[in-house]
Amino acid sequence: MDQEKSKKWWLDHPILFEFVKALITAIVGGAIGYNINIHDAVTYNNINSYIKSELVIPGLMDKEILSLENPFEQIQKIASTMSEQKTNYDKSLNEISGENEELKAKLEELEGQKLAELSSPELNILGESKDTTLKDYMATIDGHTYYLEGFLNTFLPDEISYNEEIIQYGKDVPEKVNVVSENLIYDPCKFEIYNGTYFTMGHQEYSNGIVSEEYGSGSFSIDCNREYSSLSFIPGHIDDSGSYERTLTISYLGDDGTYKEIKTIDMNIEMSMEQVILPIYNTKTVRITSTSSADTQYGLADIYLIK
């Protein structure tokens, strides 16, 4: 509160203002009304009367003030009351000022918040109109569109979930899966799947993999479901089969619907048996093809999809 405002605080308070007005009226107006000179003293009874008429009767002071013995005690009581009211007045001003600052801070916070416009537009999913009982499932914030989790989960193949600050779509995918054990091979042509039965390559036995038939070109596909980034396997010549060469070609299905070649491997009787790891770019499908080789067989053992 500045100095000028502090000096005139009583002007803003009706009780205090009325008291000052009454006191001036009592001293000056009373003297004029009773036709006494400016130098004459105002009597106790006059002061007491004006305190009663100007302060007590209007309710500005409690009537108990009239029970005091003389006007001096009454004026002291009035002064004490004024001092207490001034303290309360200052306290109220400080509280109002604090509340104003708090409201100002809250207003600035609200002004800084981004508002969302909620809506429930018509649905058209894969060319078909859909009905839903969900309300306000779309929000627009600063020109960006957001969709309700429950709404997306009504038509997506897998569910979206949020847990411990991680957004997850679909089930938890293992870091590594065996293609044969998980039955991920489909459309085998001129290839035989081994799962628990043995074949030998480089004088080593394998019980999990796929082996080409003796005659003719062949192919098979692997269902990757867009969940894996790499494919690993061990290629080799099947012991005690012929010596003709084959060419193995590995391709992945691109987003444009065509197969992209990743690698070709020359298969021959002298080839070393080493693990091959190839990128498959989270494709939906991997396709492996093999050229014809008369009576010679080749195999792929321990085929894995890697996350």
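The values are calculated or read from the model by the stated rules, or taken from the named source; none is laboratory data. No experiment lies behind these values; they were computed from the predicted model shown. Every residue, glycine among them, receives a Cβ derived from its backbone with ideal geometry; neighbour counts consider all protein chains shown. In case anyone asks, the SASA skips ligands and DNA or RNA and just uses the protein heavy atoms, side chains included. Shrake-Rupley method; radii C 1.70, N 1.55, O 1.52, S 1.80 Å.
Please give the Cα centre distance for the stretch 254-269 versus the stretch 98-156, rounded to the nearest Å.
Between the Cα centre of the stretch 254-269 and that of the stretch 98-156, the gap is 46 Å.
Please state the equivalent ellipsoid semi-axes for the stretch 86-209: what are the square roots of 5 times the Cα gyration tensor eigenvalues, largest first, in whole Å? Before the final figure, lay out the partial values.
Details: eigenvalues 805, 118, 20 Å².
Here the semi-axes work out to 63, 24, 10 Å.
How many percent of the accessible area of the stretch 211-294 is carbon or sulfur, using a 1.4 Å probe?
Numbers: 1690 of 4150 Å².
Percent of accessible area from carbon and sulfur atoms in the stretch 211-294: 41.
Please go through the residue pairs 63/86; 114/135; 104/135; 77/104; 135/176 and name each one whose alpha carbons sit more than 31 Å apart in this structure.
Values: 63/86 21 Å; 114/135 21 Å; 104/135 34 Å; 77/104 40 Å; 135/176 41 Å.
Beyond 31 Å between Cα atoms: 104/135; 77/104; 135/176.
Restricting attention to the stretch 130-222, which chymotrypsin sites (Phe, Trp or Tyr not before Pro) occupy a DSSP loop and are surrounded by at most 16 other Cβ atoms within 10 Å? Don't skip to the end; give the middle numbers.
Working: sites: 137, 146, 147, 151, 155, 162, 169, 186, 191, 194, 198, 199, 206, 215, 220; in loops: 137, 155, 215.
Passing both the DSSP loop test and the Cβ count: 155, 215.
With every protein chain left in place, what is the accessible area per residue of the stretch 70-129 in square angstrom, probe 1.4 Å?
Numbers: 4860 Å² over 60 residues.
On a per-residue basis, the stretch 70-129 sits at 81 Å².
Is the C-alpha gyration tensor of the stretch 107-166 telling us rounded, prolate or oblate? Criteria: a/c under 1.5 is rounded; beyond that, a/b larger than b/c is prolate, otherwise oblate. Working shown, then result.
Numbers: a/c = 2.93, a/b = 1.56, b/c = 1.88.
Oblate shape, in that a/c is at least 1.5 and b/c is the bigger or equal ratio.
Around residue 213, which amide H atoms from residues at least 5 apart in sequence, or from another chain, sit under 5 Å from its own amide H, with H modelled in the peptide plane?
Amide H to amide H, under 5 Å and 5 or more residues apart or across chains, residue 213 pairs with 191, 192.
Using Cα-Cα distances under 8 Å and only pairs 6 or more residues apart, what relative contact order does the stretch 172-299 have, in percent? Before the final figure, lay out the partial values.
On the way: 300 pairs, mean separation 40.5, N = 128.
Contact order relative to length: 32 percent.
So who's got an amide H within less than 5 Å of the one on residue 180, skipping anything under 5 residues away but keeping other chains? H placed 1.01 Å off N, in plane.
Distant-sequence amide H within range of residue 180: 303.
When the Karplus curve 6.51 cos²θ - 1.76 cosθ + 1.60 is applied with θ = phi - 60°, which whole-Hz ³J(HN,Hα) does each residue of the stretch 177-189 get, with x for Gly and Pro?
10, 7, 4, 6, 4, 8, 6, 8, 8, 9, 6, x, 10
Have a look at 82, 133, 121 and report the one farthest towards the positive end of the charge dipole of the stretch 71-150, computed about the Cα centre with Cβ charges (Lys/Arg +1, Asp/Glu -1).
Towards the positive end, the residue furthest out is 82.
What are the residues whose amide H is under 5 Å from the amide H of residue 123, where those residues sit 5 or more places off or on another chain and H is modelled from the backbone?
Result for residue 123 returns 130.
Rounded to whole Å, give me the distance from the Cα center of the stretch 59-83 to that of the stretch 270-307.
Cα centres, the stretch 59-83 to the stretch 270-307: 107 Å.
Using the Karplus curve 6.51 cos²θ - 1.76 cosθ + 1.60 with θ = phi - 60°, what ³J(HN,Hα) values do you get for each residue of the stretch 240-248, in whole Hz, with x for Gly and Pro?
6, 9, x, 10, 6, 8, 9, 10, 9
In 5 Å bins starting at zero, report the fraction of Cα pairs in the stretch 52-108 per bin as a rounded %.
Histogram of Cα-Cα distances, whole percents per bin: 5, 16, 17, 16, 10, 9, 8, 7, 6, 4, 2, 0.
Normalised by the residues of the stretch 58-211, what does the relative contact order come to in percent, with Cα pairs under 8 Å and at least six apart? Each step should come with its number before you reach the end.
Values: 105 pairs, mean separation 13.5, N = 154.
Reported as a whole number, the value is 9 percent.
Taking every pair of Cα atoms in the stretch 172-307, average 1/r, invert it to obtain the Kirkwood radius, and report Rg/Rh to two decimals. Walk me through the intermediate numbers first.
Details: Rg = 14.1 Å, Rh = 14.9 Å.
Rounded to two decimals, Rg/Rh equals 0.95.
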